Amino acid sequence: MKIAILNDTHCGIRNSSEIFLANAEDFYSKIFFPECDKRDIKQILHLGDYYDHRKFINFKALNHNRRVFLDQVRKRGMSMDIIPGNHDTYFKNTNELNSLKECLGHYMNEVHIIMEPTVMKYDSLKIGLVPWICNDNYDQCMTFIKECQADWIGAHLELTGFEMMRGITNVHGMNPKIFKRFEMVLSGHFHTSSRKDNIWYLGNPMEFFWNDAHDPKYFHILDTETREIERIRNPHTIFEKVLYDDEKNDYSTFDVTKFNKKFVKVIVINKTDPFTFDRFIDNIQNQEIYELKIAENFNEFMGTNVEEENMNFEDTAEIVDSYIEAVDTDLDKNKIKVQMRELMTEAQATEIA
Ligand SMILES: [Mn+2]
């Protein structure tokens, strides 16, 4: 059989902004369901973070998700096995109270919520599904990981040594070695896809934040007979970065229509002719863009103890990282960087009404 694998779909992300609802609809209606139809796929496996916000959901997002996803699952006679991710649970120490149980209740025939570590048999392939690991279920999950009779694992893991977002490696979390007896481990949680040994972070299937820009997004189809996984690219993107350098490029012929319905960031490398630059920016603004950010050189704002040669001005996160690098402290700089990223991600989430 073939199984469509989803993870980190974060229904209601960015304050349930229309832009992100529409982007999710593009993915489900133009990519996900057509590919499932083509292959006559009836089973979905969701590896957590179905909803975005741990504590509440907006009715518009709920209604939208029912229309573009759940009703589509029902209409096709499909069913979905799902584990809670960290964004699906109200409390940090237990998964007991969670949005999946509260919100997916009307789809009892279609949606099977897996609250305890469980071995699922998909034809000849046994996949051990592990919900988000928290204090409450820690011992149970560890015993399961040690003893379960499964070939593969499907989970929502925070493992050390894997990229949380492109270029930023997680330094906390579990040691991936505890999974070494499994042929393959598929995980949600980190939104950039990466693979090392038997561990495969699948990455989110759509773009949510600037750190998703130009990072290809996929959903996955598992063939339980061949045990192969096919990646299906989601071509619908909403973030576009452009490096502006008028010494290298001719902007009079630049096709700005690709910025239509996008968040656009222009990173200025070289601006020798201000007129060309202004015309380029005007042309972008004449498109139906969601937002335009221009990042120029901020030399004058540099602290005196910061080494300017090593600075990278591409985005705020990198500027903050550079500062942290330059600060004289015995504290763990990677830990500070990760916390700053978390704070910025949180702040970004409240940016769009
Ligand atoms: Mn997630």
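Some observations on this one:
- Cα gyration tensor shape for segment 132-253, rounded if a/c is under 1.5, else prolate or oblate: prolate
- Estimated FRET transfer efficiency (Arg181, Phe91; beta-carbon r; R0 25 Å; 0.05): 0.20
- Normalised by residue count, segment 1-54 yields a Cα convex hull volume of 62 Å³ per residue.
- Computed on the chain, with alpha-carbon pairs under 8 angstrom and 6+ residues apart, the relative contact order is 14 percent.
- For the chain, dividing the convex hull volume of the Cα atoms by the residue count gives 159 Å³ per residue.
- Per-residue ³J(HN,Hα) for segment 254-262, Karplus 6.51 cos²θ - 1.76 cosθ + 1.60, θ = phi - 60°, Hz, x for Gly and Pro: 5, 7, 7, 5, 5, 8, 4, 6, 9
- Cβ crowding within 10 Å averaged over residues, with 207-216, 106-115 ranked highest first: 207-216, 106-115
- Distance (nanometres) between label positions extended 7 Å along Cα→Cβ at Leu292 and Asp197: 4.9 nm
- Computed label-point distance, nm, for sites Lys248 and Ser29 using a 7 Å Cα→Cβ extension: 3.9 nm
- Taking the Cα centre of the chain as reference, the dipole from Cβ charges on Lys and Arg (+1) and Asp and Glu (-1) amounts to some 1640 debye.
- Listed residue pairs exceeding 18 Å between alpha carbons, taken from Lys265/Lys337; Lys217/Lys241; Lys271/Lys293: Lys265/Lys337
- Applying 0.36 nm per residue to the separation of Asp139 and Asp223 and subtracting their alpha-carbon distance, the gain on full extension is 27.1 nm.
- In nm, spacing of pseudo-spin labels at Asp278 and Glu18 (7 Å Cα→C-beta vector): 3.2 nm
- Within a Gaussian network of the chain (alpha carbon springs, distance under 10 Å), most fluctuating of Pro205, Pro131, Pro34: Pro34
Quick note: the coordinates plus some simple rules give every number you see, no bench work behind them. This one's a predicted model, so the numbers in the text were calculated from it and none came from an experiment. Positions of Cβ are generated from backbone atoms using ideal geometry, with glycine treated the same way; all protein chains shown enter the neighbour counts.
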